[in-house]
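Please read the structure below before turning to the comments.
The values are calculated or read from the model by the stated rules, or taken from the named source; none is laboratory data. Owing to the predicted nature of the structure, the values given are computational and were not obtained by experimental measurement. With ideal geometry, Cβ positions are generated from the backbone for all residues, glycine too; neighbour counts draw on all protein chains shown.
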Amino acid sequence: MSATVLERLTALLTGRFGVPAEEVRAEVTFAELDLDSLALVEFAMSAEHEFGIPFGEDDLTPQSTVDDAGRLIGSRLAGSDAVGIG
Amino acid sequence: MTLGRCEAAVTGIGLVTPGGIGVLESWKAILAGRPTATVDPELAGMPIDFTCRVPGFDADELLGRRTAWRLDRYVHLALVAAREAIEDSGLDPKEWDSGRVGVVMGNALGGVRTFEEQHNTLLREGAGRVSSLLIPMMGINMVAGYIAIDCGAQGPNMVTTTACASATTAIGTARELIRTGRCDIVIAGGAEAGLTRPVLAGFTRMGALSGRVQDPAAASRPFDGDRDGFVAAEGAGVLVLERMDHAQARRAHVRARLIGYGASADAHHVTAPDPTGDGVAKAIRMALHDAGIEPREVDHVNAHGTSTRLNDAAEARALRRIFSDGPSVTSVKGVTGHPLGAAGAIEAASTVLAIEQGRVPPTANLDRLDPDIDLDVVSGASRRQRISAAISNSFGFGGQNAVLVMAAA
């Protein structure tokens with residue numbers, strides 16, 4: 001995961017979902033950040049908006065880690081024509 | 001004086017009102033008779049554009065964004081009030097027998113703000129953009145659920161909804177849980193935060209609101225001859241009710257006793273009260289009977305007193321029929337406006353404070369008592385009075401009436 005993606009992911013989790021920045025680490029799961037399956041639907045919508053990429057509701061589960069999300073976003077960004085994002 | 005059975009102790013109170021955040025700030029405004037109605041920027045361009053909002057309430061700051069983002073404002077207000085009430089009671093949720101702690105809250109409109117926002121999203125962006133939290137945020141039952149999650153209360157959990165009587169119904173229902181021995185402790189009260197444009201438009205179209213747009217601060221004037229409607233408000237109030245022997249065993253400070261509850265239906269009209277006050281009188285009589293006291297033993301009435309022509313006249317008629325000795329009467333709605341499903345809890349807490357401090361707050365804006373109302377309504381400044389027993393009235397659209405009887409500890 002690129003530093004920029006992690007930074008933006010952290011900013012999203014902090015600003016929109018109130019997760020303290022110091023808790024956002026690559027290996028931590030969404031469940032550990034208090035994002036349950038309902039919250040993950042919201043997260044997917046916010047991530048779509050933030051990164052300009054399609055983000056399915058089933059792409060992540062509460063057991064997915066921040067790193068999983070970062071990799072997913074990174075690969076979608078690489079595969080998209082969203083030039084300049086990431 | 002025989003004050004009947006004494007089973008439910010009030011050991012904690014919490015308030016979030018247009019007077020301020022917390023019991024201290026709220027009571028200060030109520031006792032000073034300081035009206036809180038003011039022009040509401042969210043209602044710009046509406047025919048009636050003023051309300052009573054809780055000033056400076058920042059849910060992210062008070063609850064933390066991690067909690068706050070998932071909740072509607074009406075639950076925000078309730079959680080802050082519940083935390084204050086529990087702290088005031090001296091109870092430690094880590095130590096209580098959680099299965100014996102209930103939560104009963106009153107609410108009328110649910111998360112109507114969230115519903116409206118998400119409906120707008122649906123119309124603008126389609127169903128795929130609607131929040132997954134819409135249902136848990138708007139549900140009318142959710143306020144009791146979230147309080148239970150917040151403090152770890154695993155006993156009976158419910159929300160009562162009787163429009164503007166909702167919180168009084170909740171506190172009365174909570175007392176039943178104490179009285180039947182089902183619970184040791186019940187967190188009880190009400191919350192409301194429905195000051196949205198459609199809701200205000202609806203109340204305006206009903207003709208229920210004061211139209212005093214040139215002078216909002218003077219608009220809520222219960223029992224005054226020039227009253228012309230209520231002022232919509234938001235807020236929350238929470239009481240910790242506790243079985244008396246449970247409170248005594250832990251040497252808790254008992255602030256007051258909840259000794260009676262009565263409820264009735266007008267069975268008359270969906271919004272207009274029965275002008276004879278018959279339904280209201282039935283609820284008051286039932287509450288007094290439940291408390292085991294006579295009308296002459298009631299020193300004080302915290303009235304529903306909404307500032308509508310019809311309510312105040314019907315309530316006054318019912319009070320005159322029952323109380324010949326003229327207890328002092330006040331309506332805090334001159335200060336707070338009408339916070340609908342939260343009103344009964346804010347007023348029950350005010351009644352506890354009046355009993356404790358021996359001080360009746362004035363009815364704000366009562367300049368000239370309606371000549372048709374023959375009651376000792378306190379106006380101008382607060383009045384010193386020793387109060388042994390008091391009642392708190394709430395009446396809802398639908399003709400739903402609820403009355404609490406409280407007594408000094």
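For the stretch A:19-34, give me the residue count where each residue is without any contact (Cβ under 8 Å) to a residue 40 or more places away in the chain and within 17 Å of A:PRO62 (Cβ to Cβ). Quick ask: steps written out before the conclusion?
Residues of the stretch A:19-34 that are without any contact (Cβ under 8 Å) to a residue 40 or more places away in the chain, as a first pass: A:19-23, A:28-34.
Imposing the further condition that a residue be within 17 Å of A:PRO62 (Cβ to Cβ) reduces the set to A:19, A:23, A:28-34.
Final tally of qualifying residues: 9.
Can you tell me which residue among B:GLY45, B:GLY111, B:GLY90 is within 20 Å of the chain's Cα centre (by Cα) and away from chain A (no Cβ under 14 Å)? Walk me through it before giving the result.
On the way: B:GLY45 fails: within 20 Å of the chain's Cα centre (by Cα); B:GLY90 fails: within 20 Å of the chain's Cα centre (by Cα).
Exactly one of B:GLY45, B:GLY111, B:GLY90 is within 20 Å of the chain's Cα centre (by Cα) and away from chain A (no Cβ under 14 Å), namely B:GLY111.
Can you confirm whether B:ILE387 is touching a Phe, Trp or Tyr at 6+ places or on another chain (Cβ under 6 Å), outside any strand (DSSP E or B) and either at pLDDT 95 or above or of a type in the set (S, T, N, Q) (or both)?
no
Residues are listed down the side, and each one gets a yes or a no for (1) of a type in the set (A, V, I, L, M); (2) within 25 Å of B:THR276 (Cβ to Cβ); (3) in a helix (DSSP H, G or I):
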{"residue": "B:GLY334", "(1), (2), (3)": "no, no, yes"}
{"residue": "B:ALA343", "(1), (2), (3)": "yes, yes, yes"}
{"residue": "B:SER350", "(1), (2), (3)": "no, no, yes"}
{"residue": "B:ILE355", "(1), (2), (3)": "yes, no, yes"}
{"residue": "B:PRO362", "(1), (2), (3)": "no, no, no"}
{"residue": "B:LEU366", "(1), (2), (3)": "yes, yes, no"}
{"residue": "B:ILE373", "(1), (2), (3)": "yes, yes, no"}
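Is there a residue being in contact with a strand residue (DSSP E or B) (Cβ under 7 Å, 6 or more places away or on another chain) and part of a helix (DSSP H, G or I) anywhere in the stretch B:305-313? Before the answer, list the steps.
Going through the stretch B:305-313, the residues in contact with a strand residue (DSSP E or B) (Cβ under 7 Å, 6 or more places away or on another chain) turn out to be B:306-308, B:311.
Among the residues that remain, those that are also part of a helix (DSSP H, G or I) are: B:311.
For the stretch B:305-313, residues in contact with a strand residue (DSSP E or B) (Cβ under 7 Å, 6 or more places away or on another chain) and part of a helix (DSSP H, G or I): present.
Scanning for something more than 12 Å from chain B (Cβ to nearest Cβ), closer than 22 Å to B:GLU125 by Cβ and modelled with pLDDT of 90 or more, does the stretch A:41-49 turn up at least one residue?
Taking the stretch A:41-49 and keeping what is more than 12 Å from chain B (Cβ to nearest Cβ), we get A:47.
Among the residues that remain, those that are also closer than 22 Å to B:GLU125 by Cβ are: A:47.
This time we only want the ones that are modelled with pLDDT of 90 or more, so: A:47.
Yes, the stretch A:41-49 contains at least one residue that is more than 12 Å from chain B (Cβ to nearest Cβ), closer than 22 Å to B:GLU125 by Cβ and modelled with pLDDT of 90 or more.
Quick one: would you say B:ASP40 is in contact (Cβ under 8 Å) with a residue 40 or more places away in the chain and in contact with a Phe, Trp or Tyr (Cβ under 7 Å, 6 or more places away or on another chain)?
Details: in contact (Cβ under 8 Å) with a residue 40 or more places away in the chain: yes; in contact with a Phe, Trp or Tyr (Cβ under 7 Å, 6 or more places away or on another chain): yes.
So B:ASP40 passes the test.
So is B:VAL80 hydrophobic (A, V, I, L, M, F, W, C) and more than 14 Å from chain A (Cβ to nearest Cβ) or not?
Details: hydrophobic (A, V, I, L, M, F, W, C): yes; more than 14 Å from chain A (Cβ to nearest Cβ): yes.
Considered against the rule, which asks whether it is hydrophobic (A, V, I, L, M, F, W, C) and more than 14 Å from chain A (Cβ to nearest Cβ), B:VAL80 comes out as yes.
Condition first: buried (at least 19 other Cβ atoms within 10 Å of the Cβ), of a type in the set (Val, Ile, Thr) and touching a residue at least 60 places away in the same chain (Cβ under 8 Å). Can you find one or more residues in the stretch B:143-158 that meet it?
yes
Within the stretch A:1-18, count every residue that is within 12 Å of chain B (Cβ to nearest Cβ) and free of Cβ contacts under 8 Å to residues at least 12 places away in the same chain.
3
Could we say that B:ASP299 is within 21 Å of B:THR161 (Cα to Cα) and of a type in the set (Asp, Glu) here? Spell out the reasoning first.
Working: within 21 Å of B:THR161 (Cα to Cα): no; of a type in the set (Asp, Glu): yes.
So B:ASP299 fails the test.
Inside the stretch B:234-290, can you point out the residues that are in a strand (DSSP E or B) and among the hydrophobic types (A, V, I, L, M, F, W, C)? Lay out the reasoning, then the answer.
Filtering the stretch B:234-290 down to residues in a strand (DSSP E or B) leaves B:235-243, B:256-265.
B:ALA236, B:VAL238, B:LEU239, B:VAL240, B:LEU241, B:ALA256, B:LEU258, B:ILE259, B:ALA263, B:ALA265 - these are the residues of the stretch B:234-290 that are in a strand (DSSP E or B) and among the hydrophobic types (A, V, I, L, M, F, W, C).
Say whether the condition of being crowded, with 24+ Cβ neighbours inside 10 Å, closer than 29 Å to B:SER392 by Cβ and not assigned by TED's automatic domain parsing to the domain that holds B:GLY341 is met by at least one residue in the stretch B:113-130.
Scanning the stretch B:113-130, I find no residue that is crowded, with 24+ Cβ neighbours inside 10 Å, closer than 29 Å to B:SER392 by Cβ and not assigned by TED's automatic domain parsing to the domain that holds B:GLY341, so the answer is no.
Against the condition more than 22 Å from B:ARG73 (Cα to Cα) and away from chain A (no Cβ under 14 Å), how does B:LEU123 come out, does it pass?
On the way: more than 22 Å from B:ARG73 (Cα to Cα): yes; away from chain A (no Cβ under 14 Å): yes.
Considered against the rule, which asks whether it is more than 22 Å from B:ARG73 (Cα to Cα) and away from chain A (no Cβ under 14 Å), B:LEU123 comes out as yes.
Out of the stretch B:254-288, which residues are more than 30 Å from B:THR11 (Cβ to Cβ) and among the polar types (S, T, N, Q)? Break it down stepwise before answering.
Applying the first criterion (more than 30 Å from B:THR11 (Cβ to Cβ)) to the stretch B:254-288 yields B:265-279, B:281-282.
Listed by number, the residues that qualify are B:THR271, B:THR276.
Mind checking which residues of the stretch A:50-74 are over 11 Å from the mean Cα position of the chain (by Cα) and either without any contact (Cβ under 8 Å) to a residue 24 or more places away in the chain or within 11 Å of another protein chain (Cβ to nearest Cβ) (or both)? Show your work before the answer.
Filtering the stretch A:50-74 down to residues over 11 Å from the mean Cα position of the chain (by Cα) leaves A:52-54, A:56-58, A:61-63.
Selection gives A:PRO54, A:GLY56, A:GLU57, A:ASP58.
Output yes when any residue across the stretch B:5-23 is within 14 Å of chain A (Cβ to nearest Cβ) and surrounded by fewer than 17 Cβ atoms within 10 Å (Cβ to Cβ), and no when none is.
There is no residue in the stretch B:5-23 that is within 14 Å of chain A (Cβ to nearest Cβ) and surrounded by fewer than 17 Cβ atoms within 10 Å (Cβ to Cβ).
Restricting the search to the stretch B:347-396, which residues are under 17 Å from the mean Cα position of the chain (by Cα) and more than 26 Å from B:ALA236 (Cβ to Cβ)?
The answer is none; no residue qualifies.
Does B:ALA153 meet the test of being assigned to a loop (DSSP other than H, G, I, E, B), hydrophobic (A, V, I, L, M, F, W, C) and closer than 21 Å to B:VAL10 by Cβ?
Here the answer is yes, as B:ALA153 does meet what is asked.
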